[in-house]
1. Report, by residue number, each residue of the range 246-256 that is among the hydroxyl-bearing types (Ser, Thr, Tyr) and surrounded by fewer than 18 Cβ atoms within 10 Å (Cβ to Cβ).
2. Could you please find all residues in the range 194-213 being among the polar types (S, T, N, Q) and part of a helix (DSSP H, G or I)?
3. Give just the number: which of (1) part of a helix (DSSP H, G or I); (2) within 27 Å of the chain's Cα centre (by Cα); (3) surrounded by 19 or more Cβ atoms within 10 Å (Cβ to Cβ) does VAL176 not satisfy?
4. Return the residue satisfying two criteria in turn: it lies in the range 179-193 and is assigned to a strand (DSSP E or B) and of a type outside the set (D, E, K, R), and of such residues it is surrounded by the most Cβ atoms within 10 Å (Cβ to Cβ).
5. Please indicate, with yes or no, whether at least one residue in the range 85-93 is surrounded by fewer than 16 Cβ atoms within 10 Å (Cβ to Cβ), in contact with a helix residue (DSSP H, G or I) (Cβ under 8 Å, 6 or more places away or on another chain) and not hydroxyl-bearing (Ser, Thr, Tyr).
6. Restricting to the range 214-245, name every residue that is assigned to a loop (DSSP other than H, G, I, E, B) and crowded, with 17+ Cβ neighbours inside 10 Å.
7. Given the condition of a type in the set (S, T, N, Q) and either modelled with pLDDT of 85 or more or within 14 Å of LEU198 (Cβ to Cβ) (or both), answer yes or no: does some residue in the range 133-144 qualify?
Amino acid sequence: MSENTPAPPLPFSEQIEAFTRYLQTELQLSPRTLDAYLRDLNKFRLFCQQANIDDLSTLRARQVRDSLAQLHRRGMGGRSLQRWLSSLRKFFQFALNSGAMQQNPALIVRAPKSEKKLPKALDADLTGQFVSQPNRAETFITARDRAMLELMYSSGLRLSEVVAVDTDSFNSDSTVTVLGKGRKQRVLPVGRHAQAALQLWLDYRVDAGPNREQKALFISQQGTRLGARAVQMRFQKLSLTLGVPVNPHMLRHSFASHILESSGDLRAVQELLGHAHIATTQVYTHLDFQHLAKVYDSAHPRAYLDKDDKS
């Protein structure tokens with residue numbers, strides 16, 4: 001073989017091995033991410049084996065689309081297909097750079113869009129029942145839980161934000177200062193129900209003794225700051241009483257949807273939630289529309305055809 005004669009292309013399996021070494025040594029990806037790439041690539045390799053394709057240079061967008069359609073028919077969801085396609089694009093780009101391919105056939109292929117799941121939200125009555133519990137005899141735990149729930153619903157706090165709140169986070173104008181994502185600080189109003197519950201809790205907190213964490217607002221009976229997992233477990237236990245599964249994220253969604261239903265002010269909801277982009281908040285417009293649609297259906301005299309009207 002002369003010096004100018006190009007080397008024969010590596011078989012598909014060897015190309016994947018070379019790509020794997022590149023991901024490990026050059027990009028230094030985590031084992032978990034590496035496994036995800038390999039699972040995606042092996043799905044496509046199996047398709048190629050069934051189609052008797054072993055030369056990457058012969059691949060075209062049509063084969064990528066056929067493989068994608070096959071995976072879709074087998075039940076793979078939109079997000080998984082998008083990730084699968086992203087893995088293929090990266091692999092083909094690597095093969096293109098190494099001279100094994102002349103084009104990237106996955107660039108012009110589009111995965112089906114994922115169905116956008118709307119946030120789950122409780123209605124106002126159920127939310128009120130949840131945050132005002134427990135209704136049994138007042139104790140250190142019940143006072144703390146009620147204050148925590150009232151504050152989260154009153155101010156729309158994330159789980160990470162509520163566990164980080166300190167006793168000195170509150171301001172004289174009935175607001176609380178929290179540190180959100182990207183360490184962005186925001187000041188939020190605290191409603192009167194939350195203020196009353198917090199005052200009662202602070203009286204119990206004093207009795208926790210000298211071993212308590214001096215700054216942490218929500219603490220255990222041992223005096224240590226409550227962590228995210230402990231709060232999630234409290235939500236699970238309190239949900240049993242309500243008979244409806246509720247998590248911290250759902251309580252925050254309920255706060256946002258109830259504010260939007262009453263005000264219609266999407267920008268204000270964006271500020272309260274601490275979203276960097278309005279597009280993140282716009283999902284609540286779908287929730288608001290659902291609320292309006294229910295009102296329309298129940299109130300408008302011509303929302304439905306009469307049963308006897310067949311025209």
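The values are calculated or read from the model by the stated rules, or taken from the named source; none is laboratory data. Quick caveat, the model's predicted, so the values are computed rather than measured. Cβ sites come from the backbone with ideal geometry, for glycine too, and all protein chains shown count toward neighbours.
1. Within the range 246-256, no residue meets the criteria.
2. Across the range 194-213, the qualifying residues are GLN195, GLN199.
3. (1)
4. Quick first cut of the range 179-193, residues assigned to a strand (DSSP E or B) only: 179, 185-189.
Remaining after also requiring of a type outside the set (D, E, K, R): 179, 185, 187-189.
Working: LEU179: 15, GLN185: 9, VAL187: 13, LEU188: 20, PRO189: 13.
The selected residue is LEU188.
5. no
6. Just the residues of the range 214-245 that are assigned to a loop (DSSP other than H, G, I, E, B), to begin with: 214-215, 217-218, 220-224, 226-227, 243-245.
Result: LEU217, PHE218, SER220, LEU226.
7. yes
Okay, residues lined up against (1) free of Cβ contacts under 8 Å to residues at least 60 places away in the same chain; (2) out of contact with any strand residue (DSSP E or B) (no Cβ under 6 Å at 6 or more places or on another chain):
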position: SER174; (1), (2): yes, yes
position: VAL190; (1), (2): yes, no
position: ALA194; (1), (2): yes, yes
position: ASP207; (1), (2): no, yes
position: THR224; (1), (2): yes, yes
position: MET233; (1), (2): yes, yes
